[in-house]
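The values are calculated or read from the model by the stated rules, or taken from the named source; none is laboratory data. These numbers were taken from a predicted model, which means no experiment stands behind them. Cβ coordinates were reconstructed from backbone atoms using ideal geometry, including for glycine residues, and neighbour counts include every protein chain displayed.
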Amino acid sequence: MADFAFNIAKGRPIQLAINVDTNDPTNSAFLLVLYEAMEAQATLQDRDDKAAIDAVGGNTVATFTGYALKTLVDTDVSTSLDDTNNWYNADFADQQWTATSGNATVSAILYYDADTGAGTDANVVPLFHWDFAHTPNGGTVTAQPAAEGFVRST
């Protein structure tokens, strides 16, 4: 599978990153979820919420020891407008899981949750899928966005 943006998210990542970065709306956040198995990209990219993704038997959330989904809030996310180069970047801090062991991962999905204090997974929008192949070996697992950030709008 390849790295891709979900259809429902196309054209939205920078604004959603600004929402998280400025904490507007209050309690908005990104969720970073690792998966052990994923359905085919052609089907997956059409899914519109976390509940729909997780309901498919072939999509298995990570279960390795030391794993928990990461909630990325305003202090974890940064956005920057660059008028010199004519782009807008969004980034998040590297995320780590320590003392890991167990099943391997194949994918990471970044979701947007407009209100972490209310709602359900049906309100959580998938933004990006990344290939994330890793076999936990007792050490630290690190999810690191690209040097320029997880998204750049030009």
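State whether the residues of the stretch 118-129 include one that is at pLDDT 95 or above, outside any strand (DSSP E or B), of a type in the set (Val, Ile, Thr) and within 13 Å of the chain's Cα centre (by Cα).
yes
Give the stretch 42-68 a look and list any residue that's more than 16 Å from the chain's Cα centre (by Cα) and part of a helix (DSSP H, G or I), or say none.
Answer for the stretch 42-68, where residues must be more than 16 Å from the chain's Cα centre (by Cα) and part of a helix (DSSP H, G or I): 42, 43.
Which residue pairs have Cβ atoms under 7 Å apart, sit 6 or more places apart or on different chains, and have a first residue in the stretch 136-154 that is at positive phi and a second that is modelled with pLDDT of 80 or more and hydrophobic (A, V, I, L, M, F, W, C)?
138/99; 149/90
From 6, 30, which residue is surrounded by 21 or more Cβ atoms within 10 Å (Cβ to Cβ), touching a residue at least 60 places away in the same chain (Cβ under 8 Å), in contact with a helix residue (DSSP H, G or I) (Cβ under 6 Å, 6 or more places away or on another chain) and not β-branched (Val, Ile, Thr)?
30
Residue by residue, here is whether (1) closer than 24 Å to residue 22 by Cβ; (2) surrounded by 15 or more Cβ atoms within 10 Å (Cβ to Cβ); (3) of a type in the set (Asp, Glu) holds:
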| residue | (1), (2), (3) |
| --- | --- |
| 82 | yes, no, yes |
| 95 | yes, yes, no |
| 124 | yes, yes, no |
| 136 | no, yes, no |
| 148 | yes, no, yes |
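Among the residues of the stretch 75-84, is there at least one that is in contact (Cβ under 8 Å) with a residue 12 or more places away in the chain, hydrophobic (A, V, I, L, M, F, W, C) and out of contact with any Phe, Trp or Tyr (no Cβ under 9 Å at 6 or more places or on another chain)?
no
Take the stretch 53-79 and flag every residue that is among the polar types (S, T, N, Q) and under 19 Å from residue 128 (Cβ atoms).
59, 60, 71, 78, 79
Being in contact (Cβ under 8 Å) with a residue 40 or more places away in the chain and either outside any strand (DSSP E or B) or on the phi > 0 side of the Ramachandran plot (or both): is that true of residue 71 here?
Considered against the rule, which asks whether it is in contact (Cβ under 8 Å) with a residue 40 or more places away in the chain and either outside any strand (DSSP E or B) or on the phi > 0 side of the Ramachandran plot (or both), residue 71 comes out as no.
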